[in-house]
1. Compute the length gained on full extension between K5 and A375: take 0.36 nm times their separation in residues and subtract their Cα-Cα distance, giving the result in nm to one decimal.
2. For region 295-415, take the alpha-carbon Rg, divide it by the Kirkwood Rh, and send me Rg/Rh.
3. Amide H neighbours of G34 under 5 Å, counting only residues 5+ apart in sequence or on other chains, H built in-plane at 1.01 Å?
4. With the other protein chains left in place, how much accessible area per residue, in square angstrom, belongs to the chain at a 1.4 angstrom probe?
5. I need the peptides 530-541, 367-378 ranked by packing, meaning the mean over residues of other C-beta atoms within 10 angstrom, with the highest value on top.
6. Hey, what do the phi angles of region 341-353 turn into as Karplus ³J(HN,Hα) couplings, whole Hz, using 6.51/-1.76/1.60 and θ = phi - 60°, x for Gly and Pro?
7. Give or take rounding to whole Å, what are the principal axis extents of the alpha carbon atoms in region 211-276, in descending order?
8. What is the antiparallel percent of DSSP beta bridges lying wholly in the chain, to the nearest 5?
Amino acid sequence: MKTTKVESLEDLIPFANYSLVNTLSVDPEATKDGVDHHPRQVFSGHFVPVNPTPIENPKYIAHSKQFFSELGFEDSLATSEPFMKMFSGDTTMLPESMQKQGWATGYALSIYGTEYYEQCPFRTGNGYGDGRAISILEAVIKGERWEMQLKGGGRTPYCRGADGRAVLRSSVREFLAQEHMYALGIPTSRSLTLYTSETETVKRPWFTNGSYSKDPEVMIDEAVAITTRVAPSFLRVGQIELFGRRARKEEYPDAMQELGKIVLHVIDREYSEEINQDLPLKEKVILLALAFRKRLASLVANWVRVGYCQGNFNSDNCAVGGFTLDFGPFGFIDMFDPRYQPWTGGGIHFSFLNQPKAAERNFEMLCIALMPLLAADKNALDTLEKIKNDFPQVMQANMIKMWASKLGLQKLDTTLFNDLMTLMIETSVDYTIFFRELSHIPDDIAPLAKSFYGEKVHDEALMERWTQWLEQWRTATGVTTREERKVLSEQMKAVNPKYTLREWFLVPAYKQAEQGDYSLIHELQEVMNNPYDEQSSEIEEKYYREKPAELFDIAGVSHVSCSS
């Protein structure tokens, strides 16, 4: 294994290893020079070589110091000119042994288990994919493979007529959210760097200040930015689905072969430790379905544990590696509401406590995409069908285990849990604060009342029900001694974070960034990278509190219309 100490761009050269472009099929109609920036149909092939479009006059905002350390990167690398150029989209001066062209991939779209083609400008499904995300490097570092992708890196054949840019606002959100999710202990893509342009802007629809509108009302000029996100791969359920659809419909002679190749690539990139490479393809397919089911169910249960809502959990936003991907219209819940949904276009089907069902739909689409590979073996198809049909039970088992851990119980008491859900809804409870205060094993409801919004604390009958519930819960924990109480408290605090990245924390950060002040971004990095820790009294006063009443229902704070 190579020793990792990366102080310059040249130090990255020995680690470069481009498995996707060396293993999978290139679009046969792709250009040789990577100048391929206009919408067009891509009929076959797994990827399109495309040059990123650099942002003008890039300026450093932030990098993930923790991730840099894990990779063996020196912090000074983030502000060095060659590194900044590469990760702000200028790959023209890369060393000869590194690829100057990036690559973009196509994928299919399913929304809650329904196949869609209309979002493709050609209504065929051949123009939907990475419209502004361009991968520029694969590297094996300390024995782990990482793919590095520019979000906002310019137009690709999948851009659907858009400009290929990401704005500073959404880039700040994604940069901070990915590292926060990692700190929460949940599988996720990671953040490497965040650069903005000092001169380049684009127009985007947005809301007027203080608006309650669900739809954008004005076009505004916003600074562009590029955040580099990193993951073992960016392979999505929608990607497997695209080739599954093509194979099912026999769209071209190599369709089945291309499906098989990308499935094997998924296994190699994401499941090499669980699936023996010497097994026959059909056995690998079955094991892939089982392994992904396990990861996906665990992932979504953990999202609910920390109060995260993906917002737009289509199949193309679902990483087949089973980790969090595409922080678009996401949100961390404030007041508990099973139907919480930060995205105005998401509807109930992608709401907070419907995420397990949305995950089930995405899992179904993966299984359907895999079926052509098993068409000649009825027993294998029956096995895959059973794996698909058993997802609800696997998901439910993960949810029960998660709720028990949040409540500090060895086994979930269904009556106690249902009573709690009822009380939380009736009382308007802050989700994060409530479970963190409960983690201190309070003697009475006074600490829990810190999480109650409004004036419900003056409802004597409701408060008496809370007192009864707390007594029943304390009995259910089985805790009788001071030492047992201390142990249980530490266990609960390890699963119930004190700090989550709420949208009303993000808004001031990106608004200050628009004025060239990045101090709040750096502060949020520090706070949200330690979400389970007790921090200073100043930080607690600022970030461990209920959402101000005046911010409820405000557009761009309580809800967003898109991720641009």
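The values are calculated or read from the model by the stated rules, or taken from the named source; none is laboratory data. Note that the structure is a prediction, hence the values are computed from the model and not measured. Methodologically, a virtual Cβ is constructed for each residue, glycine included, from the backbone with ideal geometry; neighbour enumeration extends over all protein chains shown. Just so you know, the surface numbers come from the protein's heavy atoms only, side chains and all, with ligands and any DNA or RNA stripped out. Shrake-Rupley method; radii C 1.70, N 1.55, O 1.52, S 1.80 Å.
1. Between K5 and A375, full extension yields an extra 128.3 nm.
2. Taking Rg over the Kirkwood Rh, I get 1.02.
3. Amide H neighbours of G34: none.
4. Details: 22540 Å² over 564 residues.
Per residue, the chain has an accessible area of 40 Å².
5. Top of the packing list down: 367-378, 530-541.
6. Calculated HN-Hα couplings, in order: 8, x, 9, 5, x, x, x, 5, 5, 10, 6, 3, 8 Hz.
7. Computed over region 211-276, the largest-to-smallest principal extents equal 53, 32, 22 Å.
8. Numbers: 46 of 51 bridges.
Looking only at bridges with both residues in the chain, the antiparallel portion is about 90 percent.
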